[in-house]
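Remarks on the structure that follows.
The values are calculated or read from the model by the stated rules, or taken from the named source; none is laboratory data. Note that the structure is a prediction, hence the values are computed from the model and not measured. Note that we place each Cβ from the backbone using ideal geometry, even for glycine, and neighbour counts take in every protein chain shown. When the accessible area is computed, the model is the full protein with side chains, heavy atoms only, and any ligands, DNA or RNA have been set aside. Shrake-Rupley method; radii C 1.70, N 1.55, O 1.52, S 1.80 Å.
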Amino acid sequence: MGAGLAVICGCWMVATLNRWLAREWIAQRSVRAWIGGSYLRQLVGFALGPAVATCLYSLAMAFVFAIPLHITALAFLMGLSVSLGDSEPQSGIEYDLTITTAEGIVIPLQYVTLVVSLTVVLGVHVVALLLPPVVGVLLALGFLVFILFSHWRASR
């Protein structure tokens with residue numbers, strides 16, 4: 001279980017650090033107009049780099065920790081979902097919407113929503129890790145389909 005969590009969190013980190021090109025494709029209409037092509041096809045093409053990086057990372061960790069292949073598949077599917085990103089990414093931080101703690105610490109609300117969305121992504125894949133192998137992989141695949149559907153809907 002610990003090695004599986006390490007692989008899943010590592011794939012999340014690798015995909016997050018390598019997804020800048022897909023994020024720019026989604027966020028910048030001028031980049032999309034300049035490059036051209038179908039929205040989903042280009043997005044998946046730009047997300048393949050982080051997906052390959054997460055695949056290599058998860059396979060290396062599978063060899064190091066001798067974990068089952070369904071955990072490797074879960075980590076790869078999570079890396080692909082994270083590399084696709086949000087269909088409507090934030091272009092900046094809105095400092096007017098804040099939460100103030102009792103100690104007087106001011107936290108922008110968009111940081112809170114970012115942490116909650118990342119927790120949901122990790123939570124879905126940790127729950128998939130706890131389920132039987134086939135059901136867990138199907139849950140992660142369903143999450144990936146949901147993200148692809150949200151991108152398809154945003155491209156219309």
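Data for the structure
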read-out: Residue with peak Gaussian network fluctuation, the chain [Cα springs, cutoff 10 Å], from 120, 14, 44; value: 120
read-out: Distance between modelled label sites at residue 88 and residue 127, nm, 7 Å Cα→Cβ extension; value: 2.3 nm
read-out: Charge sum, other residues only, whose C-beta stays under 15 Å from residue 113's C-beta, Lys/Arg counted +1 and Asp/Glu -1; value: -4
read-out: Test item: Cα-centred dipole of the chain, Lys/Arg +1 and Asp/Glu -1 on Cβ, debye; value: 560 debye
read-out: Sum of -39500 (n - 2.57) over DSSP H runs of 4+, divided by residues of the chain (222 nm, nearest 500); value: -25500 deg cm²/dmol
read-out: Local net charge near residue 89, Cβ-Cβ under 11 Å (Lys/Arg +1, Asp/Glu -1); value: -1
read-out: Length-normalised contact order of region 1-79 in % [C-alpha pairs under 8 Å, at least 6 apart]; value: 46 percent
read-out: Nitroxide proxy distance, nm - points 7 Å out along Cα→Cβ at residue 30 and residue 98; value: 3.0 nm
read-out: Sites residue 106 and residue 17 - FRET efficiency at Förster radius 35 Å, r taken between beta-carbons, to 0.05; value: 0.80
read-out: Choice from 146, 46, 63 with maximal GNM fluctuation in the chain (Cα, 10 Å cutoff); value: 63
read-out: Whole-percent carbon and sulfur share, accessible surface of region 1-155, 1.4 Å; value: 72 percent
read-out: Per residue value of the accessible surface for the chain (all protein chains in place, 1.4 Å probe), Å²; value: 58 Å²
read-out: Gap separating the Cα centres of region 26-47 and region 131-155, nearest whole Å; value: 21 Å
read-out: For residue 22, net neighbour charge (Lys/Arg +1, Asp/Glu -1) across residues whose Cβ lies under 12 Å away; value: +1
read-out: Nonlocal amide H pairs with residue 98, under 5 Å, H built at 1.01 Å; value: 109
read-out: DSSP H segments from the chain that extend 18 Å or more along their own axis, Cα-based, with Kyte-Doolittle mean of 0.0 or above; value: 2-17, 39-65, 69-84, 109-130, 133-155
